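One structure is given here, and the rest of the page talks about it.
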Amino acid sequence: MAAGGQQKSGTPISASSTSSGRLVTPFWKEKYERDARRYWDIFYKRHEEKFFKDRHYLDKEWGKYFEAQGGEKMVILEKHKDYRPDQINSFVCDITLEQLTESVQPSTVDVVTMIFMLSAVAPAKMPLVLQNVRNVLKNGGRVLFRDYAFGDLAQERLMSKGQQISENFYVRGDGTRAYYFSNEYLVDLFSTCGFTVEEICVHNKQVENRSLELVMNRNWIQATFILGSADLQGSNGQHDPNACEDKEDKLTANAPQKKNINEEIDLSEDFNNMFGTSHNLDEAQIIRIKAKGHDFKIKMLTKEYQHTCKLTGLMLWESAQFTCSLLAENPSIVAGRRVLELGCGSAGICSMVAASVAQFVVATDGDVESLDLLRENIASNLEPNLLKRILIMKLFWGDKDDLKAVRELSSDGTGFDCIIGTDVTYNPDAILPLFKTARELISSEDPEAALILCYIQRRVDEDSILTTAMAQGFRLVDKWINGIHESNGIISSWFCGNDVCSAFRNATLSILYFQV
């Protein structure tokens, strides 16, 4: 669900946090591997050559490796005006399955470039790729490497959306995959395959998208490897970890950050697709959500666009479906109460279930586009008599005007008896605004007023959530952690006599029940 419209970027990723994202299921993991070639074929058919910039840095960074006698360049890329098929052997190869030696003579190549290529390969197959490359390289030949680095903003966004396949390996919304390399992993990978590192560094660059008001921290790793022993390098075979610091326009992970408007960044990412409005609601899908006594047809963003869209409110998260079923099985949770849903996104299924028994419901989100689709979904699914019980409001957490407008809807401004939030705790920067907003809007007159949060365990740990809640005047009355332990209190009673849990047995879901 959209975290009250909070859109943060550049949050550092710790080494341990990459494993906290929710893994894709084994079925999808196998499917992404099995259909990897098809996903990339679709990708290139859609974007053609428009997705990538001209790679002038090949000359700028590594030009010395492409010079023939007399200083002439040895390499000309296909589609260049000087491209000549009689001088260049151009062919398509699935490097994970087909041998390069079928098209290139063994041990004849001086230089191999690997530019944002290896990251698309499953980690288990990376050694096979390097062995394939090794077969065509001369002894002493070089691999010029440039790819995604650990901690890049794209990794953060994929992790927060539950698109992790394995450690540091993620799938995008279009089915293509990306691995984010650390220096240590990359050096070890190449060393195991008979290569020696000549130089390696991580570049950091802040890229500003003013139209979207985003500052994006982009990281990429650049390295040169030599096939053969360290003796081929000279200088006792030791590489200089700071070798890149002295080169113009280069930034290492430990060097002071510089800004240079002429620095070229090709991260093989389309910023508009990553952060802009790349979705197309004209081609939205309709999904059917069934809960006890309810049957909703929800219009939502197609899976193809979901994980490249910056608006999490246009997706339907599993915790929302879980809470929807839970409310349907236990109408007493919201019956006769003034209900507020925070960050409900565009589906609104929890609010619609609540509207069938509650005194009234206010469904809120911080994103205007998500709210537009929410109105459409609610109007198409609820009977006229229930539509009178539900209001849709913009609520950007912490915004004084939004808070005032929403509070005024709660019976003379006394607050809400029940506040619900599903998957609104995934962003660490949004936790404090979330609880401040909930504290401002929860009823201070009803001792039974409750804040109920349901979420899939991701980056934000439970201790951080509880500490922030306590600081804002909330006390934890009960908690329930699916698959780990169950309480004997309020929450566990919600599961008696129904099969809600079994339908979500593969999800690591938590429920926290707070009162003031």
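Total residues in the stretch 417-439 satisfying the condition of being within 19 Å of T467 (Cβ to Cβ), at pLDDT 90 or above and of a type in the set (D, E): the figure is 0. Against the test of being touching a residue at least 60 places away in the same chain (Cβ under 8 Å) and more than 30 Å from the chain's Cα centre (by Cα), the options Q131, Q99 yield a single qualifying residue, Q131.
Close contacts from the stretch 54-67, counting a first residue that is modelled with pLDDT of 75 or more and a second that is among the aliphatic types (A, V, I, L, M) and assigned to a helix (DSSP H, G or I), with Cβ to Cβ under 9 Å and a gap of 6+ residues or different chains, come to F66/L58. Looking only at residues in the stretch 469-481 that are open to solvent by less than 20 Å² (accessible area, probe 1.4 Å) and not in a helix (DSSP H, G or I), the one that is modelled with the lowest pLDDT is I481. Looking across the stretch 88-121, the residues that are in contact with a Gly (Cβ under 8 Å, 6 or more places away or on another chain) and of a type in the set (A, V, I, L, M) come down to V109, V111, V112. Taken over the stretch 181-200, the residue count meeting the criterion of being small (G, A, S) and open to solvent by 50 Å² or more (accessible area, probe 1.4 Å) is 1. Those helices (runs of 4 or more DSSP H) of the stretch 377-445 in which 2 or more residues are over 29 Å from H294 (Cβ atoms) and in contact (Cβ under 8 Å) with a residue 40 or more places away in the chain occupy 431-441. Is one or more of the residues making up the stretch 112-127 open to solvent by 10 Å² or more (accessible area, probe 1.4 Å), part of a helix (DSSP H, G or I) and β-branched (V, I, T)? So far as the stretch 112-127 goes, no, none of its residues is open to solvent by 10 Å² or more (accessible area, probe 1.4 Å), part of a helix (DSSP H, G or I) and β-branched (V, I, T).
Which of the residues that make up the stretch 130-189 are of a type in the set (D, E, K, R) and touching a Phe, Trp or Tyr at 6+ places or on another chain (Cβ under 7 Å)? Show your work before the answer.
The initial filter retains those residues of the stretch 130-189 that are of a type in the set (D, E, K, R), namely 134, 138, 142, 146-147, 152, 156-157, 161, 167, 172, 174, 177, 184, 188.
Selection gives R142, R146, D147, D152, D174, R177.
Those residues that are touching a helix residue (DSSP H, G or I) at 6+ places or on another chain (Cβ under 6 Å) and either under 22 Å from I491 (Cα atoms) or not in a loop (DSSP other than H, G, I, E, B) (or both), I need them from the stretch 446-459; list them, please.
Just the residues of the stretch 446-459 that are touching a helix residue (DSSP H, G or I) at 6+ places or on another chain (Cβ under 6 Å), to begin with: 451, 454-456, 459.
Those that are touching a helix residue (DSSP H, G or I) at 6+ places or on another chain (Cβ under 6 Å) and either under 22 Å from I491 (Cα atoms) or not in a loop (DSSP other than H, G, I, E, B) (or both): L451, C454, Y455, I456.
Condition first: open to solvent by 10 Å² or more (accessible area, probe 1.4 Å) and hydrophobic (A, V, I, L, M, F, W, C). Can you find one or more residues in the stretch 336-356 that meet it?
Within the stretch 336-356 (the criterion being open to solvent by 10 Å² or more (accessible area, probe 1.4 Å) and hydrophobic (A, V, I, L, M, F, W, C)), the answer is no, since none of the residues qualifies.
The sole residue among D174, D147, D152 that is open to solvent by 10 Å² or more (accessible area, probe 1.4 Å) and acidic (D, E) is D174.
Just checking, does the stretch 201-215 include any residue being modelled with pLDDT of 90 or more, in a strand (DSSP E or B) and either out of contact with any Phe, Trp or Tyr (no Cβ under 7 Å at 6 or more places or on another chain) or open to solvent by 20 Å² or more (accessible area, probe 1.4 Å) (or both)? Yes, some residue in the stretch 201-215 is modelled with pLDDT of 90 or more, in a strand (DSSP E or B) and either out of contact with any Phe, Trp or Tyr (no Cβ under 7 Å at 6 or more places or on another chain) or open to solvent by 20 Å² or more (accessible area, probe 1.4 Å) (or both). Would you be able to say whether some residue in the stretch 170-178 is within 20 Å of A120 (Cα to Cα), outside any strand (DSSP E or B) and at pLDDT 85 or above? Yes; the residues of the stretch 170-178 include at least one that is within 20 Å of A120 (Cα to Cα), outside any strand (DSSP E or B) and at pLDDT 85 or above.
Does F91 satisfy the criteria of being open to solvent by 20 Å² or more (accessible area, probe 1.4 Å), at pLDDT below 90 and of a type in the set (F, W, Y)?
Details: open to solvent by 20 Å² or more (accessible area, probe 1.4 Å): yes; at pLDDT below 90: yes; of a type in the set (F, W, Y): yes.
Answer is yes for this residue.
Of the residues making up the stretch 335-376, those that are assigned to a loop (DSSP other than H, G, I, E, B) and over 19 Å from L409 (Cα atoms) are G345, S346, A347, D367. When every residue of the stretch 409-416 is checked against the conditions, none turns out to be at pLDDT 95 or above and either open to solvent by 70 Å² or more (accessible area, probe 1.4 Å) or within 26 Å of the chain's Cα centre (by Cα) (or both). For V133, indicate whether it is in the same structural domain as N204 (by the TED database), of a type in the set (V, I, T) and in contact with a helix residue (DSSP H, G or I) (Cβ under 6 Å, 6 or more places away or on another chain). For V133, the condition - in the same structural domain as N204 (by the TED database), of a type in the set (V, I, T) and in contact with a helix residue (DSSP H, G or I) (Cβ under 6 Å, 6 or more places away or on another chain) - is not met.
The values are calculated or read from the model by the stated rules, or taken from the named source; none is laboratory data. For clarity, every value in this text was computed on a predicted model and none was experimentally measured. A quick note on method: Cβ atoms are made from the backbone with ideal geometry, for glycine too, and the neighbour counts reach across all protein chains shown. For the accessible areas, the whole protein counts, side chains as well, though only heavy atoms, and no ligand, DNA or RNA atoms are used. Shrake-Rupley method; radii C 1.70, N 1.55, O 1.52, S 1.80 Å.
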